[in-house]
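Note sheet for the following structure.
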Amino acid sequence: MSITFTWLGHSTFTFDIDGHEVLIDPFLTGNPLAAVSPDDLNPELMLISHGHGDHVADAVSIAKRTGALVLSNPEIVGWLGRQKVPNVWGVNTGGTYDAGFVRVKWTIAFHSSSLPDGSYGGNPLGMILKANGMNLYFAGDTALFSDMQLIGDEGIDVAFLPIGDNFTMGIDDSIKAIHFIRPRFVVPMHYNTFPPIAQNGGDWANRVNSETDAQPLVLDPGGSYTLG
Ligand code: NI
Ligand code: MN
């Protein structure tokens with residue numbers, strides 16, 4: 001029983017949960033930090049936080065090739081369906097989807113959401129992956145919000161937080177978010193992909209170490225971490 005997660009650059013992660021592969025927010029084509037090619041991935045479950053191109057770029061091609069079940073809000077699921085993605089299911093904030101090897105609880109996120117064709121992308125989402133007695137919170141693209149305290153009340157083992165600033169919270173607010181969420185580990189994302197979101201991961205980790213009780217995990221693109 002183990003969970004291994006791998007950062008593929010930006011907000012793209014894979015999770016290996018007892019041999020089941022989950023893919024979040026696939027953005028590899030056009031991502032200068034992409035650690036793999038879309039063709040290298042074979043998820044059985046894909047989770048999408050919101051409709052922006054840097055979160056859905058490779059969703060359609062990977063879903064069609066693999067037949068993976070794709071979960072997202074109704075607007076994004078509708079967009080996927082119009083492109084003949086075969087296996088989709090709509091969720092929304094507050095709900096939990098039980099995929100057997102993992103349960104996914106959908107949270108609020110403060111951001112916007114439009115799709116590559118300009119259509120409305122619904123409300124942006126965060127998510128808590130619940131598997132093997134652990135809770136992993138993927139915040140998506142979001143500002144700091146005080147209800148992160150309620151997410152922390154669930155007992156978060158790992159929090160994945162954006163730190164790039166400009167489009168999401170930056171480093172200062174990520175430290176406040178860690179105080180609200182109280183995770184054991186925290187992983188930075190949505191930074192260094194493009195110049196407007198350049199950040200120094202080492203400086204961020206030093207602040208996490210000195211100002212919070214969480215352990216920072218700064219991954220290189222392609223880097224992994226295994227939870228026992
Ligand atoms: Ni976005
Ligand atoms: Mn984004």
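The values are calculated or read from the model by the stated rules, or taken from the named source; none is laboratory data. Model, not experiment: these values are computed from the prediction. Counting neighbours? That spans all protein chains shown, and the Cβs are built from the backbone with ideal geometry, glycine included. Accessible surface areas use protein heavy atoms only, side chains included; no ligands, DNA or RNA. Shrake-Rupley method; radii C 1.70, N 1.55, O 1.52, S 1.80 Å.
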Original post:
Going by the structure shown, is Asn192 more than 24 Å from Asn73 (Cα to Cα), more than 17 Å from the chain's Cα centre (by Cα) and of a type outside the set (D, E, K, R)?
Top reply: no
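Residues are listed down the side, and each one gets a yes or a no for (1) open to solvent by less than 10 Å² (accessible area, probe 1.4 Å); (2) part of a loop (DSSP other than H, G, I, E, B); (3) within 19 Å of Ser224 (Cβ to Cβ); (4) touching a helix residue (DSSP H, G or I) at 6+ places or on another chain (Cβ under 6 Å):
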{"residue": "Thr6", "(1), (2), (3), (4)": "no, no, yes, no"}
{"residue": "Thr29", "(1), (2), (3), (4)": "no, yes, no, no"}
{"residue": "Val36", "(1), (2), (3), (4)": "no, yes, yes, no"}
{"residue": "Leu71", "(1), (2), (3), (4)": "yes, no, no, no"}
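Conditions tested, residue by residue: (1) under 18 Å from His179 (Cα atoms); (2) within 13 Å of ligand 1 (Cβ to nearest atom).
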| position | (1), (2) |
| --- | --- |
| Ser113 | no, yes |
| Asp117 | no, no |
| Asn123 | no, yes |
| Met127 | no, no |
| Ala143 | yes, yes |
| Gln149 | yes, no |
| Ala159 | yes, no |
| Pro162 | yes, yes |
Original post:
Which condition does Gly94 not pass, out of (1) farther than 20 Å from Glu44 by Cα; (2) in contact with a strand residue (DSSP E or B) (Cβ under 6 Å, 6 or more places away or on another chain); (3) open to solvent by 10 Å² or more (accessible area, probe 1.4 Å); (4) more than 16 Å from ligand 1 (Cβ to nearest atom), if it passes all the others?
Top reply: (2)
Original post:
In the set Ile76, Ile17, which member is β-branched (Val, Ile, Thr), modelled with pLDDT of 95 or more, over 14 Å from the mean Cα position of the chain (by Cα) and within 16 Å of ligand 1 (Cβ to nearest atom)?
Top reply: Ile76
**OP:** Kindly indicate which of Gly140, Gly155, Gly201 is open to solvent by less than 30 Å² (accessible area, probe 1.4 Å), among the small types (Gly, Ala, Ser) and either touching a Phe, Trp or Tyr at 6+ places or on another chain (Cβ under 6 Å) or closer than 25 Å to Glu21 by Cα (or both).
**Re:** Gly140
Original post:
List pairs: first in the range 113-141 and among the β-branched types (Val, Ile, Thr), second open to solvent by 10 Å² or more (accessible area, probe 1.4 Å), Cβ under 9 Å, 6+ apart or cross-chain?
Top reply: Ile128/Thr96; Ile128/Arg103; Ile128/Lys105; Ile128/Thr107; Ile128/Asn135; Ile128/Ile151; Ile128/Glu154
**OP:** Hey, could you check the range 8-20 for residues that are within 16 Å of ligand 2 (Cβ to nearest atom) and at positive phi and say which is surrounded by the most Cβ atoms within 10 Å (Cβ to Cβ)?
**Re:** His10
Original post:
What are the residues in the range 97-125 that are in a loop (DSSP other than H, G, I, E, B) and away from ligand 2 (no atom under 16 Å from the Cβ), if any?
Top reply: Ala99, Gly100, Phe101, Val102, Asp117, Gly118, Ser119
